[in-house]
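Worksheet for the structure shown next.
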Amino acid sequence: MLRQIKPRNARSKRALEKKAPKAIENPKSCLFLRGTTCSQIVQDAITDLYSLRVPLAKKFTKKNAIHPFEDPASLEFFSEKNDASLLVFGSSSKKRPHTLTMIRTFGHKTLDMLELHLDPQSHRKIDQFKGRKFAVGLRPMIVFAGTAFDSPVANEYTMAKSFFLDFFKGEGSDKIDVEGLQYIVSISAEEPLGDDDKPAIHLRVYLISTKRSGQKLPRVEVEEMGPRMDFRVGRMQEPDAEMLKEALKKPRTNEERTKKNVTTDSMGDKLGRIHLGRQDLSELQTRKMKGLKRSRDMDDEVAAGDADEAPKSKK
């Protein structure tokens, strides 16, 4: 049985209600952490990802002796303490240099993890790109290019696609202003040459600018804004089947469920469609009506007429 925490005051009660399960969950917040050994390249990458995630992000600068794949208990503690369902952990070692570990949690328990190794040669920070930047808090348009992301079998690339969608999703909304679509996040992967080949993942961010074209629709141009990152996939931890099923479960709401074969027309009338089995009309019992029968006099007249029209035989 789960331990029930009773609030001591109104402030703690509001905090517990904010963390409680809801039919429509709050936007996911992301927590950025660093390990005891973390290269400057990884720190710059964490800073750039944090700037893309603001304001739904928190960043810790202190070193943490955490090994995500060996013992995720510390990550689960930070997730519950800061109410963060996404975590990005940066570390660097001789065996695994320049590593970013992506972690997702459900109920503040580790759901799945993916390790990405950053290429230091092609990495470029946002500050290295000159030009204007996007406004804080805007949602990007996301493009995935490559057949590796569309694999029917769950692998590192499908998990990376799912994580990046959660990372850049931001706060949900019913309507979107076109003026708010200011930048594109492009995530691409090369075609794998074999079953064991794992191509690199390229992350690029482009700024959108519209210019006059002399027509009704403007001319759209894109300019790379940064950061520029290339990843190699590493270790992964797949989600537990029972936990994943619980995480994907949708709550029941007060909305009326759609009924099969029942529709409503433009006038508001309810129409139903009934499906019947195949009927044998040979066994159909019809009603014998007296008015449909021919009288005896009419039968005699018809018989007499037929006899008169018959040809006479020759003698």
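The values are calculated or read from the model by the stated rules, or taken from the named source; none is laboratory data. What you are looking at is a predicted structure, and each value in this text was computed from that prediction instead of being measured. Heads up, the Cβs are rebuilt from the backbone with ideal geometry, glycines too, and the neighbour counts pull from every protein chain shown. Protein only, heavy atoms only, side chains kept; ligands, DNA and RNA dropped before computing areas. Shrake-Rupley method; radii C 1.70, N 1.55, O 1.52, S 1.80 Å.
Looking at the structure I just gave you, is I274 outside any loop (DSSP other than H, G, I, E, B) and of a type in the set (V, I, T)? No; evaluated as a whole, the condition is false for this residue. Among residues of the range 196-249 being among the acidic types (D, E) and more than 20 Å from V153 (Cβ to Cβ), the one that is least open to solvent (accessible area, probe 1.4 Å) is D230. The set of residues from the range 3-19 being farther than 25 Å from P72 by Cβ and assigned to a helix (DSSP H, G or I) comprises A10, R11, S12, K13, R14, E17. Filtering the range 106-146 to residues that are modelled with pLDDT of 90 or more, out of contact with any Phe, Trp or Tyr (no Cβ under 8 Å at 6 or more places or on another chain) and of a type in the set (V, I, T) leaves T110, I126, V143.
As for the range 49-60, it holds at least one residue that is over 21 Å from R235 (Cβ atoms), aromatic (F, W, Y) and touching a Leu at 6+ places or on another chain (Cβ under 7 Å). Please determine, by comparing only the residues of the range 36-73 that are among the small types (G, A, S) and more than 26 Å from G170 (Cα to Cα), which one is nearest to the chain's Cα centre (by Cα). Within the range 36-73, the match that is nearest to the chain's Cα centre (by Cα) is A73. Taken across the range 208-224, residues that are in contact with a Gly (Cβ under 7 Å, 6 or more places away or on another chain) and at pLDDT 85 or above do occur, with at least one present. Of everything in the range 20-42 that is open to solvent by less than 50 Å² (accessible area, probe 1.4 Å), among the small types (G, A, S) and part of a loop (DSSP other than H, G, I, E, B), the residue that is nearest to G137 (Cα to Cα) is S29.
Note on the range 114-220: enclosed strands (runs of 3 or more DSSP E) holding 1 or more residues that are within 17 Å of the chain's Cα centre (by Cα) are 141-145, 183-189.
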